[in-house]
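**Student:** One structure, pasted below without further comment.
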Amino acid sequence: MKKISAKKILKLFFEEEKPQDSKETSNETNEVKILHWLLIIAISIFTLFWIIYCFFAVFLKSPIYNSQSGINSKIERVDWSKGNVLKNGDFSEKLRHWVTSDGGQTFKDSKSKVSLEEDDVHSAPYSLRIRSLYPTNRLHYTKNMEQYIIGNPYDFKETEHWLGVEPSSKIEASCWYKGSVIDFTIIGLAQKGEWINLAKISGERTRIWKQLKIDIDIPEKVRAISVLFVINRAQGSPLPDVLIDDVAVSIVSSKEYI
């Protein structure tokens, strides 16, 4: 088979057909036609795959970033063998790793003030104090050490507070608190990007330090967890004012760490 230059192929595709020279053979013309049809077939296959991708991505709302690999890229890989996986759960590093979503995209009307308390602690040197200015208020654990406001705490693509966990394992979460009513919540992130409430324990108003503790069985579809405190205002009571200390999340049992 004779070699045909790219220039000649483009000329045959895009220029009007002219009478051929006596030196040009019918075989050469057939080769160009074959290449022409192969190109059309390749373009058609590519277009078909692109249409299928757009259908799943747009209409079924199942884009690539909702795959398990996309979720894993946003999850902090945690070594559960070392006990408490939370950094600065005792607030010895001040407010690092603890932020709110008050005033963010999802909870624009919520307002609170977060500070350190040195004189009233469960364990030295500090406890965290969250005072509600406009409830409901939320406090989140995050792997980010800087202070910022979480826009949407339920969207794994925009936040850094998801902690990777082994499906079908069992974990224990605990904290100490003092003051107003508080909800201690563990949220789960499933493999397709949806979130679910895994567990919640509520603490009543108290003038002494009390512990909240919950055991959580991780469902097979859950790939990560998030630690969340929710502060609500009880009817007829003043604005909430809560102290939090010694927050811990650890593994109880799993296939990997038995």
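**Student:** Would you check if there is a residue in segment 156-165 being of a type outside the set (F, W, Y), in contact (Cβ under 8 Å) with a residue 60 or more places away in the chain and in a strand (DSSP E or B)?
**Tutor:** yes
**Student:** While we're here: If I go through segment 155-186 residue by residue, how many of them are in contact with a strand residue (DSSP E or B) (Cβ under 9 Å, 6 or more places away or on another chain) and either farther than 20 Å from K87 by Cβ or modelled with pLDDT under 95 (or both)?
**Tutor:** 20
**Student:** Please give the number of the condition I150 fails out of (1) exposed (fewer than 15 other Cβ atoms within 10 Å of the Cβ); (2) in contact with an Asp or Glu (Cβ under 9 Å, 6 or more places away or on another chain).
**Tutor:** Looking at each condition in turn, I150 falls short on (1).
**Student:** When only residues in segment 231-258 that are among the hydrophobic types (A, V, I, L, M, F, W, C) and touching a Leu at 6+ places or on another chain (Cβ under 8 Å) count, which is farthest from W162 (Cα to Cα)?
**Tutor:** Among those residues, the one meeting the criterion is L239.
**Student:** Still on this model: What are the residues in segment 135-155 that are part of a loop (DSSP other than H, G, I, E, B) and basic (K, R), if any?
**Tutor:** K143
**Student:** Filter segment 105-121 down to residues that are assigned to a strand (DSSP E or B) and aliphatic (A, V, I, L, M) and give me whichever is surrounded by the most Cβ atoms within 10 Å (Cβ to Cβ).
**Tutor:** Taking the candidates together, the pick is V114.
**Student:** Quick check on my filter: what residues within segment 173-226 are aliphatic (A, V, I, L, M), buried (at least 20 other Cβ atoms within 10 Å of the Cβ) and either part of a loop (DSSP other than H, G, I, E, B) or not assigned by TED's automatic domain parsing to the domain that holds D119 (or both)?
**Tutor:** Selection gives I218 alone.
**Student:** Turning to a different aspect of this structure: Going by the conditions given, is G164 more than 23 Å from P125 (Cβ to Cβ) and among the small types (G, A, S)?
**Tutor:** For G164, the condition - more than 23 Å from P125 (Cβ to Cβ) and among the small types (G, A, S) - is met.
**Student:** Please work out which one of (1) closer than 21 Å to G89 by Cβ; (2) surrounded by fewer than 19 Cβ atoms within 10 Å (Cβ to Cβ) is the condition I251 fails and give its number.
**Tutor:** The failed condition is (2).
**Student:** Now a separate question. Looking at (1) in a loop (DSSP other than H, G, I, E, B); (2) of a type in the set (A, V, I, L, M); (3) in contact with a Ser or Thr (Cβ under 7 Å, 6 or more places away or on another chain), which is the one condition that is false for A124?
**Tutor:** (3)
The values are calculated or read from the model by the stated rules, or taken from the named source; none is laboratory data. Source: prediction; values computed, not measured. Note that we place each Cβ from the backbone using ideal geometry, even for glycine, and neighbour counts take in every protein chain shown.
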